[in-house]
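Trainee: Questions regarding the structure given below will be posed in turn.
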Amino acid sequence: MSNGALTVLRQYAQKRNPSTLPPSLYFSHTDATLTIFDTFPKALFHFLVLPRPAHYQPRGLSVFDLASLRALLRKTENRERGREVLLDLRAEGARLRGVIEEEMRKRYGFVWGVWMGFHAVPSMEHLHLHVISADLCSERLKHKKHYNSFHPARGFFLPLDDVLAWYDAAPSYFDTVSQLKKSEYEPRLKEDLVCFRCERALKNMPALKAHLQEEWD
Ligand SMILES: [Zn+2]
Ligand SMILES: [Zn+2]
């Protein structure tokens, strides 16, 4: 993948007027955050909420501090600033969840869960909160690693509230978890496929997708 593809989220977040982004991408923005559609949705509803560097620069956070969850957490000289970014993402995520739930009601006649969190090891640069409906029904969900990266019990997906709770834990604990070691998290993507609802083991992705679809219907 070229550098441009890896850093495209940062470019979006740095746009002075994000509403000029293509409508297939742009959802909404505030002074502090930009919300876009995930262009490879892994569920029926899948958005990304990004912090906008221009808002955080005067508050002592550079684009490098916003490069990833790890970078933000490891900015030890000003830990409280990092927490504020996460609280801003949570506020926007909560608002977005309300919009998603309304859409669920309208389109499907009922409401189901919405997960909010980060990948422990991100595949793209610039901090982004995943806001994703708890169905994992999508054409774009093709590989085991995609599925396991959102599986709530695998631990690769870090719920936002869990990350916020690290700030209230002992400093030594914070130091350890905030390292987000690749060697600890990446093997979780290779674990066996298990249905996140009923814990049934499935032998391959086609079987898993058929099973998820069946439970969905
Ligand atoms: Zn991601
Ligand atoms: Zn199941």
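The values are calculated or read from the model by the stated rules, or taken from the named source; none is laboratory data. These figures come from a predicted structure and were not determined experimentally. Virtual Cβ from ideal backbone geometry, glycine too; neighbours counted across all protein chains shown. Only protein heavy atoms, including side chains, enter the accessible area calculation; ligands, DNA and RNA are left aside. Shrake-Rupley method; radii C 1.70, N 1.55, O 1.52, S 1.80 Å.
Trainee: Taking the stated definitions as given, is Glu125 of a type in the set (D, E, K, R), touching a residue at least 24 places away in the same chain (Cβ under 8 Å) and more than 16 Å from ligand 2 (Cβ to nearest atom)? Even if it seems obvious, please write down each step before you answer.
Mentor: Details: of a type in the set (D, E, K, R): yes; touching a residue at least 24 places away in the same chain (Cβ under 8 Å): yes; more than 16 Å from ligand 2 (Cβ to nearest atom): yes.
Yes, satisfied.
Trainee: Counting just the residues of the stretch 170-198 that are away from ligand 2 (no atom under 11 Å from the Cβ) and either of a type in the set (Lys, Arg) or in contact with a His (Cβ under 6 Å, 6 or more places away or on another chain) (or both), which one comes out farthest from Glu139 (Cα to Cα)?
Mentor: Among those residues, the one meeting the criterion is Lys181.
Trainee: Now for a separate question. Mind listing whichever residues of the stretch 1-48 are assigned to a strand (DSSP E or B), aliphatic (A, V, I, L, M) and over 21 Å from Met104 (Cβ atoms)?
Mentor: Filtering the stretch 1-48 for residues assigned to a strand (DSSP E or B) gives 26-29, 33-37, 46-48.
Then drop every residue that is not aliphatic (A, V, I, L, M), which leaves 34, 36, 48.
Leu34 - this is the single residue of the stretch 1-48 that is assigned to a strand (DSSP E or B), aliphatic (A, V, I, L, M) and over 21 Å from Met104 (Cβ atoms).
Trainee: Then there's this: Name the single residue, out of those in the stretch 199-217 being without any contact (Cβ under 8 Å) to a residue 24 or more places away in the chain and either more than 18 Å from Lys144 (Cβ to Cβ) or in contact with a strand residue (DSSP E or B) (Cβ under 9 Å, 6 or more places away or on another chain) (or both), that is farthest from ligand 2 (Cβ to nearest atom).
Mentor: Asp217
Trainee: Answer with yes or no whether Ser68 is more than 16 Å from ligand 1 (Cβ to nearest atom) and either open to solvent by 30 Å² or more (accessible area, probe 1.4 Å) or hydroxyl-bearing (Ser, Thr, Tyr) (or both). Can you show your working first?
Mentor: On the way: more than 16 Å from ligand 1 (Cβ to nearest atom): no; either open to solvent by 30 Å² or more (accessible area, probe 1.4 Å) or hydroxyl-bearing (Ser, Thr, Tyr) (or both): yes.
Against the criterion (more than 16 Å from ligand 1 (Cβ to nearest atom) and either open to solvent by 30 Å² or more (accessible area, probe 1.4 Å) or hydroxyl-bearing (Ser, Thr, Tyr) (or both)), Ser68 does not qualify.
Trainee: Go through the stretch 1-24 residue by residue and tally those that are more than 21 Å from Gly98 (Cβ to Cβ), open to solvent by less than 60 Å² (accessible area, probe 1.4 Å) and touching a strand residue (DSSP E or B) at 6+ places or on another chain (Cβ under 9 Å).
Mentor: Matching residues across the stretch 1-24 total 5.
Trainee: Can you tell me which residue is nearest to Phe45 (Cα to Cα) among those in the stretch 74-119 that are touching a Lys or Arg at 6+ places or on another chain (Cβ under 8 Å) and hydrophobic (A, V, I, L, M, F, W, C)? Reasoning before the result, please.
Mentor: Going through the stretch 74-119, the residues touching a Lys or Arg at 6+ places or on another chain (Cβ under 8 Å) turn out to be 75, 81-82, 84, 111, 114, 116.
With hydrophobic (A, V, I, L, M, F, W, C) added as a condition, the list becomes 111, 114, 116.
On the way: Val111: 12, Val114: 9, Met116: 12 Å.
This residue is Val114.
Trainee: Could you tell me which of the residues Leu129, Leu164, Leu160, Leu136 is closer than 18 Å to Arg83 by Cβ, more than 10 Å from ligand 1 (Cβ to nearest atom) and surrounded by 16 or more Cβ atoms within 10 Å (Cβ to Cβ)?
Mentor: On the way: Leu129 fails: more than 10 Å from ligand 1 (Cβ to nearest atom); Leu164 fails: surrounded by 16 or more Cβ atoms within 10 Å (Cβ to Cβ); Leu136 fails: closer than 18 Å to Arg83 by Cβ.
It is Leu160.
Trainee: Follow-up question, since we're still on this one. Does Val111 fit the bill of being more than 16 Å from ligand 2 (Cβ to nearest atom), modelled with pLDDT of 95 or more and in contact with an Asp or Glu (Cβ under 7 Å, 6 or more places away or on another chain)?
Mentor: Working: more than 16 Å from ligand 2 (Cβ to nearest atom): yes; modelled with pLDDT of 95 or more: yes; in contact with an Asp or Glu (Cβ under 7 Å, 6 or more places away or on another chain): yes.
In short, yes.
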